[in-house]
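Presented below is the structure to which this report refers.
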């Protein structure tokens, strides 16, 4: 009885298949980046509508019912701020870095690892590896998705607070609101800078990560010195803060090596190629 074996593709065929898969992935990521850059106005409208509806629902089902329109504005204000903070970040960044702007490289170089050859602006933009596509598109999507994930996590974890609630409840609401508002603003700025290939993007992302860690530590320190906080609330807050710190640590662990070593990142944001 003869044994049969399945033919294995040759090295040349494997290279062709890998090249085809890479090309398809690159084109799909390019289409995704174009979609995000051109359809942002529609996404903004949908985002504001979603957060406002969820905020109204949270206020409506709050333990202390709202008795008047004016009284309902106070517990609704945090959700209004959360709805508009990423929009403000987008507007500020889009106005500061309009499409097609040829931004200059920073004078002081922070990333000096490796051996690189500097390119002029036009040569860098004509390089096939220029632009936030391919694997870099995953970073863009992650930055953008961080806004709804963080906002919805806040809305699930923190109830609407009525004016007559205890002091610790008001401090909790406004501390967590400030955290979401500030970080949504900065992560949206990072998203715009990345999608428009602004050279300062890697530094801005590093700043956002550091700011995120500082915000979490500040909230933890504030509640450690706040009397009257119920143990179950303090435990839930600790879990939330630890989760946010872990997310920042994982993001930095995954993306810092890529931001330093990737040739696409260096061509796009630092205008240089390997020697």
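What follows is calculated from the coordinates using simple rules that are stated; it is not laboratory data. Just so it is clear, the model here is predicted, and its values are computed rather than measured. Note that we place each Cβ from the backbone using ideal geometry, even for glycine, and neighbour counts take in every protein chain shown.
Which of 103, 197 has the fewest other C-beta atoms within 10 Å, and how do the rest follow up to the most? Present the calculation step by step, with values, prior to reporting the outcome.
Numbers: 103 16, 197 21.
Least crowded to most crowded, the residues run 103, 197.
What angle do you read, to the nearest 10 degrees and between 0 and 90, between the alpha-carbon axis of helix 231-261 and the longest principal axis of the chain?
The angle comes out at about 20 degrees.
Express in nm, to one decimal, how much length is gained between residue 37 and residue 91 on full extension, taking 0.36 nm for each residue of separation and deducting their alpha carbon distance.
Between residue 37 and residue 91, full extension yields 18.2 nm more.
Mean separation of Cα pairs under 8 Å and 6+ residues apart, divided by the residue count of the chain: what relative contact order is that in percent? Show your work: numbers first, answer last.
Numbers: 244 pairs, mean separation 76.8, N = 275.
Rounded, it is 28 percent for the chain.
For a label point 7 angstrom out from the Cα of residue 218 toward its Cβ, which stretches of the range 243-275 have the backbone nitrogen within less than 16 Å?
Under 16 Å, as judged by backbone N against the label point of residue 218, lie 245 of the range 243-275.
Using Cα-Cα distances under 8 Å and only pairs 6 or more residues apart, what relative contact order does the range 73-223 have, in percent? Please report the intermediate quantities before stating the final value.
Details: 112 pairs, mean separation 65.3, N = 151.
Across the range 73-223, relative contact order equals 43 percent.
Can you figure out the FRET efficiency of residue 167 with residue 110, using R₀ = 45 Å and their beta-carbon distance, to the nearest 0.05? It would help to have the intermediate numbers written out before the result.
Values: r = 43 Å, r/R0 = 0.96.
Efficiency, rounded to the nearest 0.05: 0.55.
Please give the helix 40-60 orientation as an angle from the longest Cα principal axis of the chain, in degrees from 0 to 90, rounded to the nearest 10.
30 degrees
Over the alpha carbons of the chain, what is the largest minus smallest coordinate on each principal axis, giving the biggest first in Å?
Taking max minus min along each principal axis of the Cα atoms, the chain gives 75, 68, 37 Å.
Taking the beta-carbon count within 10 Å as an exposure proxy, list 113, 258 from fewest neighbours to most.
113, 258
Which FRET efficiency value, to the nearest 0.05, do you get for residue 235 and residue 275 by plugging their Cβ-Cβ distance into 1/(1 + (r/R0)^6) with R0 = 45 Å?
It comes out at approximately 0.25.
Kirkwood hydrodynamic radius, computed over distinct alpha-carbon pairs, for the range 173-275: how many Å, to one decimal? Write down the numbers at each step before the final one.
Working: mean 1/r = 0.0648 Å⁻¹.
One over the average 1/r among Cα pairs gives 15.4 Å for the range 173-275.
Just to confirm the number: angle between the C-alpha axis of helix 69-96 and the first principal axis of the chain, 0 to 90 degrees, nearest 10?
Once rounded, one gets 20 degrees.
By counting other Cβ atoms within 10 Å of each Cβ, how are 37, 167 ranked from fewest to most?
In order of increasing Cβ crowding within 10 Å: 167, 37.
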